[in-house]
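Only one structure is covered here, and it is reproduced in the block below.
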Amino acid sequence: MATVTEKKKASAPKKLQHPKEQYLFWFENMLLQRRFEEKSGQLYGQQKIRGFCHLYIGQEACSSGAVSALKEGDKYITAYRDHGIPLALGTSPNAIMAELFGKKTGTTKGKGGSMHIFDKEVGFIGGHGIVGGQIPLGAGIAFAEKYNKTDNLCICYFGDGAIRQGSFHETLNMAMSWKLPVIFVVENNGYAMGTSVARSSNVTELYTLGEAYDIPSEPVDGMSVEAIHEAVSRAADRARKGDGPTFLEFRTYRYRGHSMSDPQKYRSKEEVEEYKHRDPIEQIRAVILDNKLATEEDLDNIDKKVKEIVAESVQFAEESEWPDPKEAYTDVYVESDYPFVMD
Ligand SMILES: Cc1ncc(C[n+]2csc(CCOP(=O)(O)OP(=O)(O)O)c2C)c(N)n1
Ligand SMILES: [Mg+2]
């Protein structure tokens, strides 16, 4: 039988690796993404938001852990499940919500919608609908940073469905040959629409695909914001030293369907529940409370504040104007003062 001291030891909280502020940042940052998207899901049901809408709920650690590990000037690019990263980076929730509504105050003036959020101020280079299309773009952004001799890198996210595309393999090969400052991240949430990773290939340990190109590659617990922060920090050190790319497999999970109309016949309710027990926000809440970094009341107040930010974004979107139909012809082709191109 365990002695009292042994029992105490087993239940004692792990030694904290980061200051209190870091844990509180992660908690609030992930909670903002969660509450924003819960609201977006409801608004979709009310037809305030239309068209495509892919929710990131369950995957919030993948964005927050990278944002805390990287610095200003670094660039982010992802696919169409793209509300979480800009929210984590500090893009105005008002502008993102307005974009979901299709209003002219949106991040892309209401012309991009959910799949095409873009905010060059924070280094968020979209928002891309073609599966795997952003992978060579991410390497191109990293190439530009290297060419311009900046200290910046590009973190390029894509899903497990994109990893079977030729663009992934061609890009990894070039990026390693040219030692580009890029971090490739596959967000392995188990499914590409309704197709499981196991159904699409014999290779289910996705990180091993990077080894074919001599790229340091590792799997990461995608439900742990701390694990992601650590892995991205190591990858960023390599990139900034000139050692080239790293390939990370974030093992994560989406709680909601692929898009808004998905009967989810391809998975069991038990599987979803299993992941919810490892929820990234609940894990950080437990670390904060176990270590007395804040009280339950403090965390409730953060939740209240976040809900107010989301409510304000909805009001902003509701009250914003629709784009003028004439705008359909602007920002489409090259213009001398095209506002979205990087300097
Ligand atoms: C080139 C291309 N083929 C097919 C599609 C249709 N499509 C949209 S999302 C998707 C699944 C992608 O899954 P994954 O990469 O795992 O990302 P997740 O949705 O899980 O975030 C597919 C096949 C597309 N958008 N682009
Ligand atoms: Mg997937």
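Just so it is clear, none of the values below were taken in a lab; they were calculated from the coordinates. Small disclaimer: the values here were computed from a predicted structure and weren't measured. Using ideal geometry, Cβ is built from the backbone for each residue, glycine included, and neighbour counts are taken over all protein chains shown.
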- Query: Given H placed 1.01 Å from N in the peptide plane, which residues other than close sequence neighbours of Ser217 have an amide H under 5 Å from its amide H?
  - Reply: Phe247
- Query: Roughly how big is the stretch 20-329's charge dipole about its Cα centre, with Cβ charges of +1 (Lys, Arg) and -1 (Asp, Glu), in debye to the nearest 20?
  - Reply: 820 debye
- Around Ser217: net Lys/Arg minus Asp/Glu count, Cβ-Cβ under 14 Å: -3
- Among the listed pairs Lys120/Lys276; Lys120/Lys241; Lys20/Lys71; Lys20/Lys179; Lys120/Lys265; Lys109/Lys276, give every one whose C-alpha distance is greater than 31 Å. Lys120/Lys276; Lys20/Lys179; Lys120/Lys265; Lys109/Lys276
- Item | Relative contact order computed over the chain (Cα-Cα under 8 Å; 6+ residues apart), in percent | 22 percent
- Query: Measuring from label point to label point, each 7 Å out along Cα→Cβ, what is the Glu121 to Thr330 span in nm?
  - Reply: 1.8 nm
- How high is the FRET efficiency from Lys307 to Trp178, r the C-beta distance, R0 45 Å, rounded to 0.05? 0.50
- Message: Can you list residues from other chains, or at least 5 along the same chain, whose modelled amide H is less than 5 Å from the amide H of Lys75?
- Response: Leu153, Cys154, Ile155
- Name all residues of the stretch 71-97 having a backbone nitrogen under 12 Å from the label point set 7 Å from the Cα of Asp151 along its Cα→Cβ direction, giving them as ranges. 71-74
- Query: By the gyration tensor of its Cα atoms, with a ≥ b ≥ c the square roots of the eigenvalues, what is the shape of the stretch 20-329: rounded for a/c under 1.5, prolate for a/b over b/c, or oblate?
  - Reply: rounded
- Whichever aspartates and glutamates have a C-alpha closer than 12 Å to that of Lys15, once near sequence neighbours (fewer than 8 apart) are set aside: Asp290
- Message: What's the magnitude of the charge dipole for the stretch 206-257 around its Cα centre, counting Lys and Arg as +1 and Asp and Glu as -1 at the beta-carbon? Answer in Debye, nearest 20.
- Response: 260 debye
- Given backbone amide H placed at 1.01 Å from N, residues whose amide H is under 5 Å from that of Thr105, ignoring those fewer than 5 places away on the same chain, are Glu321
- Query: What does the charge count near Ala328 come to, summing +1 for each Lys or Arg and -1 for each Asp or Glu among other residues with Cβ under 11 Å from its Cβ?
  - Reply: 0
- Note on the structure: In nanometres, the difference between 0.36 nm per residue of separation and the alpha-carbon distance of Glu274 and Leu16 is 90.3 nm
- Chain lengthening between Phe52 and Ser196 when straightened (0.36 nm per residue, less Cα-Cα): 49.7 nm
- Query: Projected onto the charge dipole of the stretch 199-292 (+1 at Lys/Arg Cβ, -1 at Asp/Glu Cβ, origin at the Cα centre), which of Ser201, Thr246, His258 gives the Cα projection farthest towards the positive end?
  - Reply: His258
- With a cut-off of 20 Å, note down the residues of the stretch 38-80 whose backbone N falls inside the zone around a label point 7 Å from the Cα of Tyr255 toward its beta carbon. 38-46, 53-66
- Query: If you plug each phi of the stretch 263-273 into the Karplus form 6.51 cos²θ - 1.76 cosθ + 1.60 with θ = phi - 60°, what whole-Hz ³J(HN,Hα) values come out, in order, with x for Gly and Pro?
  - Reply: x, 6, 6, 8, 8, 9, 5, 4, 4, 4, 4
- Item | Mean ellipticity per residue at 222 nm, deg cm²/dmol - from DSSP H runs of n ≥ 4 across the chain, formula -39500 (n - 2.57) | -14000 deg cm²/dmol
- Pairwise label distance in nanometres, Asn291 with Gln264, each label 7 Å out on the Cα-Cβ vector: 3.2 nm
- Once phi for every residue in the stretch 233-247 is put through the Karplus expression 6.51 cos²θ - 1.76 cosθ + 1.60 (θ = phi - 60°), the whole-Hz ³J(HN,Hα) values, with Gly and Pro written as x, are 4, 5, 5, 5, 4, 4, 4, 6, 7, x, 7, x, x, 10, 10
- Under the Karplus curve 6.51 cos²θ - 1.76 cosθ + 1.60, θ = phi - 60°, whole-Hz ³J(HN,Hα) for the stretch 84-101, x wherever Gly or Pro sits: x, 5, x, 4, 5, 7, x, 4, 4, x, 4, 5, 5, 4, 4, 5, 4, 6
